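Read the structure below first, then the notes.
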Amino acid sequence: MDELDLLRAADARGLNYTASLATRRVFPDAEALAGLAAFDEPLPVEGLCAAQTLQLLDERGSAATVVSNGPHYFGFVIGASLPAAAAAERLLLAWDQCASSFDNSPVAATLERTAARWVLEALDLPRDSAVGFGTSATACTLSCLAAARRTLLARQGWDFDRDGLIGAPEIKVVVSALVHITVKKALRVLGFGTAKIIYAAVDAHGQIDPTQLPPLDDCSILCLQAGEVNTGEFDPFAQLIAPARAAGAWVHVDGAFGLWARASALAPLTAGIEQADSWTTDAHKWLNTPYDCAMAICRDADALASAMNSDAAYSSASADAQKNLTLEFSRRPRGIPVWAALRNLGKHGVAQQIERHCRQAQRVAAGLRAAGYEVLNRVVLNQVLFRAASDEQTVAVREALQASGQAWFGGTLWQGRPAMRISVSSWRTGDEDIEALLDLMGELRK
Ligand SMILES: *Cc1c(COP(=O)(O)O)cnc(C)c1O
């Protein structure tokens with residue numbers, strides 16, 4: 001099979017898969033999982049046929065996917081792929097561009113610059129901020145926190161790049177008691193030390209309580225969040241950021257999914273967030289681009305560009321070249337699916353997607369209550385946290401739901417007890433899918 005025939009075959013299989021999203025089991029059954037044994041082959045000494053490799057991948061692989069790209073998936077905060085973004089992604093695969101700099105790919109550099117401008121406008125963040133496109137909120141948070149520490153140390157007269165951490169003034173980090181694990185990971189990898197992290201107390205809803213905020217100074221980083229993973233709650237930014245910055249601290253916001261509320265009628269939840277120093281958000285969650293697509297946004301563009309600079313004699317580039325803004329030196333142009341999604345949705349379309357999911361989450365909460373479940377959060381956003389009458393029933397209902405193959409969401413622990421978590425974040429999820437989920441939840445309760 002020549003290259004074009006092979007790619008046509010791949011496209012045809014991909015299209016068949018996409019066409020079947022609404023009717024597939026959401027989580028693979030035991031037979032499909034057992035079929036994965038087919039991949040347990042020795043590394044071939046002589047190469048095997050490409051067409052047969054594709055066939056194996058589709059026959060055994062497609063069957064064992066989690067259909068998070070379909071309408072019945074409510075796990076984590078995953079989101080599906082918008083057609084406009086998925087289509088752009090397919091063309092990108094043909095281009096196979098390295099998006100490091102203009103010299104590597106004029107089209108990638110141009111479109112990522114446009115996407116950066118649009119993201120700042122959609123999220124209403126300071127327009128001079130640097131926007132680095134990275135593979136995940138985790139990686140982008142790491143970039144922002146590296147810029148934060150380097151900048152705070154420079155203000156103390158310490159050259160972090162030259163002298164590193166040993167002997168440097170200590171940088172104190174304050175995070176929410178409900179901080180996302182990936183922010184802790186970024187802090188750990190950067191060498192802050194998990195035992196040294198200071199946790200700010202949260203109220204009953206999960207927001208940092210401003211009256212209990214630990215003291216901050218000009219050697220402090222404060223990490224806030226827009227969209228707590230269980231509850232969707234937002235920290236009270238207006239009350240926290242102004243005093244933190246007045247004390248000289250750097251404020252970073254993890255807005256992996258919740259920052260997009262700012263692009264909708266729910267923007268008041270984010271009031272004051274624009275005063276922070278840096279923000280992280282994902283496109284692959286609530287904007288519904290394909291993986292892996294996230295952004296590191298930094299008010300002081302030079303701070304990010306200096307911390308993440310990777311210019312070399314053979315590869316120097318502008319300060320806003322993407323290789324100088326996030327971890328990756330070589331990567332696909334992740335900003336292009338963002339550009340395509342924003343171009344296709346427009347400001348109104350983004351707002352409508354966010355608002356619809358939040359309205360659907362309200363409907364989920366009302367339906368669950370009517371079916372006898374206890375809803376544990378205020379449902380300010382797209383996340384519904386709930387439990388059944390007993391811990392045993394909570395676990396049993398979740399397991400039965402997951403085994404049904406008709407929908408999928410995950411469990412969590414909330415205040416030490418098992419709970420269930422529904423996230424409405426897929427453009428494909430219609431109101432009828434919400435009703436089907438509620439019917440199922442009603443039956444499982446019986
Ligand atoms: C998903 C998530 C992250 C991590 O994002 P990745 O893109 O998976 O690295 C961080 N914070 C919150 C609140 C999240 O929901």
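The values are calculated or read from the model by the stated rules, or taken from the named source; none is laboratory data. All of these numbers come straight from a predicted model, not from anything done at the bench. Here Cβ is always computed from backbone atoms with ideal geometry, including for glycine, and neighbour counts include all displayed protein chains. With ligands, DNA and RNA removed, areas are computed over all heavy atoms of the protein, side chains included. Shrake-Rupley method; radii C 1.70, N 1.55, O 1.52, S 1.80 Å.
Structure data summary
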item	result
Fluctuation leader among ALA201, ALA130, ALA361 - the chain, Gaussian network, Cα springs under 10 angstrom	ALA201
Which of ALA340, THR194, VAL66, positive extreme of dipole for the chain (C-beta unit charges)	THR194
1.4 Å probe accessible area per residue over segment 42-116, in Å²	51 Å²
Solvent-accessible area per residue for segment 340-446 (1.4 angstrom probe, square angstrom)	43 Å²
Nearest-10 value in Å² for the accessible area of VAL66, using the 1.4 Å probe	60 Å²
Where labels lie 7 Å past Cα in the beta-carbon direction, separation of ALA313 and ASP217 in nm	4.4 nm
Whole-angstrom Cα spans of segment 247-292 along principal axes, big to small	39, 25, 9
Spherically averaged projected area of segment 190-244 from its Cα convex hull (nm²)	4.5 nm²
Within segment 270-320, chymotrypsin sites (Phe, Trp or Tyr not before Pro) in DSSP loop having at most 14 other beta-carbon neighbours inside 10 Å	TYR314
Cα-based convex hull volume of segment 148-208 per residue, rounded to whole Å³	90 Å³
Where GluC sites (Glu not before Pro) fall in DSSP loop in segment 1-110, at most 13 other Cβ within 10 Å	GLU46
All-pairs Cα distance distribution in segment 308-446, expressed in whole percent, bin size 5 Å	2, 9, 15, 16, 12, 9, 9, 9, 8, 6, 4, 2, 1, 0
Distance in nm between pseudo-label sites at GLN362 and THR194 (7 Å out along the Cβ direction from Cα)	4.0 nm
Solvent-free Debye scattering, log10 I(q)/I(0), computed from the Cα coordinates of segment 396-446 at q = 0.16 Å⁻¹	-0.50
Accessible area per residue in Å² at 1.4 Å probe, computed on segment 229-313	26 Å²
Coordinate range along principal axes, alpha carbons of segment 44-88, Å, largest first	42, 24, 15
Space enclosed by the convex hull of the alpha-carbon atoms of segment 22-162, per residue, Å³	240 Å³
In nm, spacing of pseudo-spin labels at ALA201 and GLU392 (7 Å Cα→C-beta vector)	3.6 nm
Stokes-Einstein diffusion coefficient of the chain, Kirkwood radius over Cα pairs, 10 °C, 1.306 mPa s, in µm²/s	68 µm²/s
With every protein chain in place, the chain: carbon and sulfur % of accessible area (1.4 Å)	55 percent
Nearest-20 debye value, segment 99-196 charge dipole, Cβ charges on Lys, Arg, Asp, Glu	400 debye
Rounded FRET efficiency, nearest 0.05, which uses the C-beta distance separating GLN415 from ASP29 and R0 of 41 Å	0.75
In segment 335-422, the GluC sites (Glu not before Pro) that fall in loop regions by DSSP, at most 13 other Cβ within 10 Å	none
Of GLN393, ASN288, TYR314, farthest towards positive along the dipole that unit charges on Lys, Arg, Asp, Glu beta carbons give the chain	GLN393
Sequence-separation-based contact order of segment 107-251, relative, with Cα cut under 8 Å and 6+ spacing, percent	20 percent
Within a Gaussian network of the chain (alpha carbon springs, distance under 10 Å), most fluctuating of SER143, SER315, SER81	SER315
For segment 1-129, size of Cβ-based charge dipole, Lys and Arg +1, Asp and Glu -1, in debye	500 debye
Total charge dipole magnitude, the chain, about the Cα centre, Cβ charges on Lys, Arg, Asp, Glu only, Debye to nearest 20	820 debye
